1. Where does the charge balance sit around Val231 when Lys and Arg score +1, Asp and Glu -1, over other residues with C-beta under 12 Å from its C-beta?
2. When the Karplus curve 6.51 cos²θ - 1.76 cosθ + 1.60 is applied with θ = phi - 60°, which whole-Hz ³J(HN,Hα) does each residue of the stretch 247-264 get, with x for Gly and Pro?
3. Quickly estimate the mean residue ellipticity at 222 nm for the chain, helices only: each DSSP H run with n ≥ 4 gives -39500 (n - 2.57), and the total goes over all residues, rounded to 500.
4. Which aspartates and glutamates, if any, have their Cα less than 18 Å from the Cα of Lys124, not counting same-chain residues under 8 positions apart?
5. Hey, can you grab everything whose amide H is under 5 Å from the amide H of Cys86? Only 5+ residues off in sequence or another chain; H modelled, so Pro and N-termini drop out.
6. Alpha carbon centre of the stretch 164-224 versus the stretch 309-387: separation in Å?
7. What does the accessible area per residue of the chain come to in Å², with a 1.4 Å probe and no ligands, DNA or RNA counted?
8. Counting only DSSP beta bridges with both residues in the stretch 1-157, tell me the antiparallel percent, nearest 5.
Amino acid sequence: MSLILAIDQGTHASRALVVDRSGRILAQGLREIGMARPQTDWAEQDGEEVVASIFDAVAQAVQKLGARKAGISCAGLASQRSNAVCWDRTTGRPLSPIFSWQDRRAHAWIGGLEQAHGDVVHRKTGLFLSPHYGASKLRWALEHLSAVRAALEEGTLAWGPMASFLAFRLLKERPLLAEPQCAARTQLWNLQTRDWDPELLALFGLPAGFLPQSVPTVHAWGTLETAGLSVPLTAVNGDQSAAVFAFGWPEEDCAYVNIGTSAFVQRALTAFPGHVPRQLTGIILAERELTVYMVEGNVNGAGTALAWLQEALGIADLTAQLPAWLGRSAPPPLFLNGIAGLGGPFWKADFASRFEGEGEPWQKAVAVVESIAFLLQANIDHMANYVPAARRMRVSGGVSRLDGLCRRLASVSGLPVQRREDPEASARGIAYLAAGRPREWNTTPREEVFQPEQDAGLRARYLRWRGLMEQASGVRVV
């Protein structure tokens, strides 16, 4: 039997799944990882811990397989997209922490570039100038970390996407490579030329010659040797981009929504969508002559917002109580959600989150959940001006297990919301790509469908929330 090893390196844990060519999970392993927040707006992870967690998760999964591990024929790696790191290209030693996508330490400096350079950066990269992306953090590392400056002078510096660092450390060949999705999230990669952009490097004050080589998503990355395995790594992608392929080949009339620590709505297109003013564009698959583009709206405050509320209210079991609270009929207040920075379609890094109206703790929790649905819908509304209308929505990710959230998404969007039983979308998606897109993939899926219902109260709250968001952000979204 031909089996696929899927590695999903996420914000809170590294996962390893072994699946067959239909996408059925046969074994899995998990190792949690930490996050350090040494100062306000800083969010860091330890490179050695992350690498060790992947090897541990793979070992767990392989051990559970027993003799069947001989059937593993290839592997894929899905990684947090916007994380960046500096390392030594001779030893592999991290020279900086892994700067999480949640890290906003350079937001003031980035803000100073917006007026003069924001539109050019968006047109070149498909991304808005944002402290969440890697370029400003690499600049910070160069200015503040002596180990990074020393490696630059000695010619041993490597820096770029976390996915490139992981491939370098996991694979026997020690490749220095970057695929389109994670490369783009550095904000240094040009969507048209599909390579690092000299003008962007100059804008961020970064010397050329230390970034990985640009390669396709599906590529001969190298050999993973661990836990008695020796298998080729055949695909690398960002976690949210990989999630689009969890159900097989993406449908162009479907909105793909993944809701975890953050949330994303993506539309997959085989034709270049052009410039979309208030959203992101990029490449989610490059394989030989084939390219799949995406238009994406992102929500930073999804699981992060629920974690923030849990701490703010002091409710240890908030997540466990949410299903019952979401079933109550009393209307909640509104939550203007800029947790971890306000993303699409408003884009305001320093947005002040607040509740509009009073409510008991349970009502505030419902308001936060509704704000996730409202932010996703605001992105869908804007997207509809530039891509064909969606006919349905597919949701995945841990927070999508909330039925009340899915019902609200269906009702506010007017689209049926389809949810697969297994939330491991990123791992399944990268396995599908690594295996060469098997025809038998997900041929008998189990799926729940939430049909849209008429909910005048929800619709009225959305329209009022949207007006308040435009007023508070100073951005009017068409």
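1. Working: positive: Lys69, Lys172; negative: Glu225.
After counting each charged neighbour, the total is +1.
2. Those phi angles translate into 9, x, 5, x, 9, 6, 9, 10, 8, 9, 10, 10, 10, x, 4, 10, 9, 9 Hz.
3. On the way: 15 runs with 162 residues, N = 478.
That calculation yields -10000 deg cm²/dmol at 222 nm.
4. Straight-line reach from Lys124, under 18 Å: Glu114, Glu179, Asp195, Asp197, Glu199, Glu296.
5. The list, which skips near neighbours in sequence, is Leu95, Ser96.
6. A separation of 35 Å, based on Cα centres.
7. Details: 17870 Å² over 478 residues.
Accessible area per residue, the chain: 37 Å².
8. On the way: 19 of 26 bridges.
Once the DSSP bridges in the stretch 1-157 are tallied, antiparallel ones form about 75 percent.
The values are calculated or read from the model by the stated rules, or taken from the named source; none is laboratory data. Just so it is clear, the model here is predicted, and its values are computed rather than measured. When we count neighbours, we look across all protein chains shown, and the Cβ atoms used for this are built from the backbone with ideal geometry, even at glycine. We work out accessible area using only protein heavy atoms, side chains counted, and drop any ligands, DNA or RNA first. Shrake-Rupley method; radii C 1.70, N 1.55, O 1.52, S 1.80 Å.
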